[in-house]
Amino acid sequence: MSTTTDFIAELIRAANEIDALTPSERVRLIERAAATIQAQRDLLAMRERVVPLSFDVTANLDEMKHLAPELPELLSAVVMLKCADEIRRLRILLETGHR
């Protein structure tokens, strides 16, 4: 598995076991997810590929990171799942050469 695939699996696993995570672990995962999404978007932009933004929590990464410490467990789990979906979507775009 790739590092990206491993991280997607980590996010899904964390979302499914959200009550076992400390608040700081939840925040750190969301921050890592935001950084990964931004890096993927930047890479696609460097390759001059137009990528429509998702209209969910991943559309505004700065706001998502800012709110992460105050999110209840259930909402943190939803954010992690949405991030996993976005990371997967962007990885596919990077691998397929889709324009």
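The values are calculated or read from the model by the stated rules, or taken from the named source; none is laboratory data. Please read all numbers here as calculations on a predicted model, not as lab measurements. In this analysis, Cβ positions are derived from the backbone assuming ideal geometry, glycine residues included, and neighbour counts consider all displayed protein chains. With ligands, DNA and RNA removed, areas are computed over all heavy atoms of the protein, side chains included. Shrake-Rupley method; radii C 1.70, N 1.55, O 1.52, S 1.80 Å.
Within the stretch 34-49, residues that are in contact (Cβ under 8 Å) with a residue 12 or more places away in the chain have Cβ atoms under 6 Å from residues that are surrounded by 14 or more Cβ atoms within 10 Å (Cβ to Cβ) and not β-branched (Val, Ile, Thr) in these pairs: Ala34/Leu61; Ala34/Met64; Ala34/Lys65; Ile37/Glu86; Gln38/Leu61; Gln40/Leu90, counting only partners at least 6 apart in sequence or on another chain. Mind checking which residues of the stretch 1-12 are out of contact with any Leu (no Cβ under 8 Å at 6 or more places or on another chain), open to solvent by less than 60 Å² (accessible area, probe 1.4 Å) and within 15 Å of Glu86 (Cα to Cα)? Thr4, Thr5, Phe7, Ile8, Ala9 - these are the residues of the stretch 1-12 that are out of contact with any Leu (no Cβ under 8 Å at 6 or more places or on another chain), open to solvent by less than 60 Å² (accessible area, probe 1.4 Å) and within 15 Å of Glu86 (Cα to Cα). Restricting Ala15, Ala34 to residues that are at pLDDT 95 or above, of a type in the set (A, V, I, L, M, F, W, C) and surrounded by 17 or more Cβ atoms within 10 Å (Cβ to Cβ) narrows the list to Ala15. Contact map, the stretch 57-70: residues that are over 15 Å from Ala84 (Cα atoms) and open to solvent by less than 60 Å² (accessible area, probe 1.4 Å) paired with residues that are of a type outside the set (S, T, N, Q) and assigned to a helix (DSSP H, G or I), Cβ distance under 6 Å, separation 6+ or inter-chain. Pairs shown: Ala68/Val27; Ala68/Ile30.
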